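What follows is a set of notes on a single structure, which appears directly below.
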Amino acid sequence: MEEGTRATQERLAEDNPALLAVLDAVRTNCHISDARHAADYTLCVYLMKMREYFRWERNIPYDTPLPHDELTRWLTRREAHWDNLDDRAFENIPVNDTIQDPFDTTEINAGLTDIGYVYSSGYGRNMKPVFFLGELERHEQQDDYTLLVSGRELARDLAAPPAMSRDRTIYIRRESLRRMIWEKVEEWRWNRPDNAMKTVLGYYDFGNDAEGALDAMTDMALEGVILHEIGEVMAGEILGPAWQEMLVSVGHSRAEIMARAVRDHLADALSTLPGLLADPDPAAVHFYMATMHNLGKELFPELVSAYEIWSATGDSAELRRVAERARLHWESLAREILEIFSTQQAAWQQALVRAIENRSL
């Protein structure tokens with residue numbers, strides 16, 4: 001057992017002994033998922049994720065160099081542990097004297113939120129199962145959505161997405177969001193390009209108070225993440241279960257990556273962009289563009305151009321016009337993707353990719 005794990009269990013035993021069985025099961029499922037999917041990453045990405053995972057497990061501050069020898073020994077032990085889990089089935093979760101399927105988040109959280117914890121599970125990129133258990137920081141209703149925001153995480157896997165949504169419940173992982181933002185800041189510092197991230201960082205005093213700046217930047221980003229997840233729920237209701245079936249069929253492919261990019265743009269057109277532009281916080285708009293991946297920009301060049309106009313002049317008219325056009329465009333393209341999937345003709349995945357490449361906005 002790792003030192004950080006042992007300390008966590010000792011604290012939990014004092015606070016709530018019944019949670020220990022939940023923690024053990026969730027942590028085991030995290031390891032099983034990593035054992036099955038670690039090879040999905042390129043070597044460079046894998047090593048980067050493992051370094052970040054080690055830092056998280058040991059609670060090492062971001063600005064502290066990692067102990068190389070200790071990291072190497074930990075990596076060897078972790079990979080040996082995964083070798084024993086490759087064919088193991090996911091464990092059920094014991095909650096309140098019941099045994100729950102690990103993907104039944106509603107029943108599991110029914111036994112956890114009242115005692116101050118939150119759990120989620122689902123499928124991420126390449127259909128990798130993702131699990132986490134954390135301390136519940138915020139629990140509220142927003143219109144028809146249930147919002148669960150976690151603080152410190154007690155169990156997680158290599159993939160630590162800052163947010164997920166299932167049905168009409170939105171899970172926001174503040175610690176993972178904070179870590180993701182720090183990685184973006186560090187990435188910008190390598191070459192310090194004159195881009196949207198430079199503009200964002202101008203609003204925060206990382207030079208004199210890095211921790212305070214990181215907290216403030218996380219608070220800013222949190223609301224945009226919530227808006228995006230609301231958009232994901234809305235997109236799911238528009239597209240129906242066939243979308244998930246399509247993603248399963250195209251897993252581990254360029255078609256999956258491109259289809260996910262279209263779905264992200266649809267979610268943002270439905271919720272994120274209208275929300276950000278309703279009462280524009282300049283930092284939030286800059287951060288949205290700074291964190292958009294390259295494929296997203298390639299598929300939506302009009303948004304990039306409109307952002308550049310707004311950034312240079314402060315005039316948001318073109319940005320608003322493009323945002324209004326986006327909903328119909330991305331919904332139409334998403335439906336075309338589903339139509340291609342439903343036909344299942346020869347080379348349909350290539351047809352899906354071509355359709356997306358030919359329908360940039």
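Just so you know, all these numbers are worked out from the coordinates, no wet-lab data involved. Everything numeric here is computed off the predicted structure, so don't read it as measured data. Here Cβ is always computed from backbone atoms with ideal geometry, including for glycine, and neighbour counts include all displayed protein chains.
Points to keep in mind about this one:
- Convex hull volume per residue in cubic angstrom - Cα atoms of the range 193-357: 123
- Extending 7 Å from the Cα toward the beta-carbon at both residue 332 and residue 316 defines two label points whose distance is 2.6 nm.
- Using the rule -39500 (n - 2.57) for each DSSP H run of four or more residues, divided by the residues of the chain, the 222 nm mean residue ellipticity is -19000 deg cm²/dmol.
- Simple label model, 7 Å out from Cα along Cβ direction - residue 206 to residue 253, nm: 3.8
- Kyte-Doolittle mean at least -1.0 and Cα axial length at least 15 Å: DSSP H helices in the chain: 19-37, 43-58, 210-239, 254-267, 301-313, 317-343
- Counted charge near residue 288, where neighbours are those whose Cβ lies closer than 13 Å (Asp, Glu -1; Lys, Arg +1): -2
- The magnitude of the dipole of the chain, with charges of +1 and -1 set on the Cβ of Lys/Arg and Asp/Glu and taken from the Cα centre, is near 1020 debye.
- Taking the Cα centre of the range 253-332 as origin and assigning +1 to Lys and Arg Cβ atoms and -1 to Asp and Glu Cβ atoms, the resulting dipole is close to 240 debye.
- Net charge, residue 72 excluded, C-beta distance under 13 Å - Lys, Arg +1, Asp, Glu -1: +1
- Each peptide in 36-47, 287-298 receives the mean, over its residues, of other Cβ atoms within 10 Å, and ordering these scores from highest gives 287-298, 36-47.
- Per-peptide packing, taken as the mean over residues of other Cβ atoms within 10 Å, places 321-333, 21-33, 65-77, 82-94 in the sequence 21-33, 321-333, 82-94, 65-77 from highest down.
- Label point at residue 110 placed 7 Å out along Cα→Cβ; residues across the range 127-147 whose backbone nitrogen lies under 14 Å: none
- For the chain, with +1 on Lys and Arg beta carbons and -1 on Asp and Glu, the positive-most of 121, 355, 147 along the dipole: 355
- Cα centroid separation, the range 128-190 to the range 302-354 (Å): 26
- Stretched out straight at 0.36 nm per residue, the stretch from residue 98 to residue 215 would grow longer than its current Cα-Cα span by 38.4 nm.
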